[in-house]
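Just so you know, all these numbers are worked out from the coordinates, no wet-lab data involved. All figures in this text were calculated on a predicted structure; none of them were measured in a lab. Reconstructed Cβ throughout: ideal geometry from the backbone, glycine too, with neighbour counts over all protein chains shown.
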Amino acid sequence: MCGIVGYIGDKQAPHILLDGLRKLEYRGYDSAGIVTINEKKLQLVKAEGKVDILESRLLIENPRGTVGIGHTRWATHGKPSDENSHPHLSNDYTIAVVHNGIIENYMEIKEELVAEGYEFYSETDTEVIAHLIKKYLNGSFEKAFLKTVERLNGSYAVCAIAADEPNKILCARKDSPLVVGVGVGENFIASDIPAILRYTKNCYILEDGEFAEITREKVIVKDA
Ligand code: GLU
């Protein structure tokens, strides 16, 4: 098992995400990464190995942004490597996703996307999610995300952000845990409560099949 953490608010996200990932280390992992949105551009930093390695890269690259998602990976598809680490991006670097679990039908989706010209940069099952969201994006990030989730078989806790919509994090889960942390003017998402307990005690455990849209001001939970 690995971990997910997300933040949206008015503070700088990278150190909150890093702190959350450290709290999730006990779950086991082989690589770690974060992505933030800074001036409508995604800033991605990820690395095979310990969160300490990620931290040293963050010190060099110094990403900024008040919205972001982070991940610790436990490889199921593709070896532990920088390329296979999450987050994964769409080809135009506008969509980023993190995922816990296994997408059982990823091969058939991948073949479809490759035939349509999408390029893959990892061996993971997860990468199809980023490209599917991009493929379905036609005005509404939320609709594209939900249409993507509908296509996935298997287990997932998945979170996505879009560079053009820096005011939200979208999440869904099936057979993999996700918890929403509700703050004041800021909200959180995590695989497990300890990752965000330092910031809020007001937590909502997403149920299987639920979808959440998380903005600075509110959290909307719906049946996916
Ligand atoms: N199946 C995905 C991968 O291999 C996610 C693994 C995980 O849950 O960390 O990258």
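Classify segment 78-201 as rounded, prolate or oblate, taking a ≥ b ≥ c as the square roots of the eigenvalues of its Cα gyration tensor: rounded when a/c is under 1.5, otherwise prolate if a/b is larger than b/c and oblate if not. Present the calculation step by step, with values, prior to reporting the outcome.
Working: a/c = 1.89, a/b = 1.49, b/c = 1.26.
Prolate, since a/c reaches 1.5 and a/b exceeds b/c.
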Can you return the lysines within cross-link range of LYS50? Criterion is Cα-Cα under 25 Å, with same-chain partners fewer than 8 residues away left out. LYS11, LYS23, LYS79
Pick from GLU165, GLU116, GLU142 the residue whose mean-square fluctuation is largest in a GNM of the chain, springs joining Cα atoms under 10 Å. GLU116
If amide hydrogens are placed 1.01 Å from N in the peptide plane, which non-local residues have theirs closer than 5 Å to the one on GLY49? SER31, ALA32
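Label segment 1-131 by shape, choosing from rounded, prolate and oblate, from the square roots a ≥ b ≥ c of the eigenvalues of the Cα gyration tensor; if a/c is under 1.5 it is rounded, and otherwise prolate applies when a/b is larger than b/c, oblate when it is not.
Oblate is the answer for segment 1-131, as a/c is 1.5 or above yet b/c matches or exceeds a/b.
For a Förster distance of 25 Å, can you work out the FRET efficiency between the beta-carbons of PHE120 and TRP74, rounded to the nearest 0.05?
Values: r = 20 Å, r/R0 = 0.82.
In this case the efficiency is close to 0.75.
Provide CYS203, CYS159 in ascending order of the number of other Cβ atoms located within 10 Å of each residue's Cβ, fewest first. Kindly include the intermediate steps, with their values, before the conclusion.
Values: CYS203 15, CYS159 29.
Going from least to most buried by this count: CYS203, CYS159.
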Whole-angstrom gap from segment 167-215 to segment 97-138, using each part's C-alpha centre: 24
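Quick one: if the Förster radius is 30 Å, what FRET efficiency do THR215 and ARG27 give, using the C-beta to C-beta distance and rounding to 0.05?
0.65
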Around LEU152, which amide H atoms from residues at least 5 apart in sequence, or from another chain, sit under 5 Å from its own amide H, with H modelled in the peptide plane? none
Identify the residues of segment 186-222 with backbone N under 13 Å of a label point that sits 7 angstrom from the Cα of ASN167 along the Cα-to-Cβ direction, or state none. 214-218
Net charge dipole size for the chain [Lys, Arg +1 and Asp, Glu -1 on Cβ; Debye, nearest 20]: 680
Tell me, in nm to one decimal, what length is gained between ASP175 and TYR204 on full extension, where the rule is 0.36 nm per residue of separation less the Cα-Cα distance? 8.8 nm
If you take the square roots of the eigenvalues of the alpha-carbon gyration tensor of the chain and sort them as a ≥ b ≥ c, do you get rounded (a/c under 1.5), prolate (a/b over b/c) or oblate? rounded
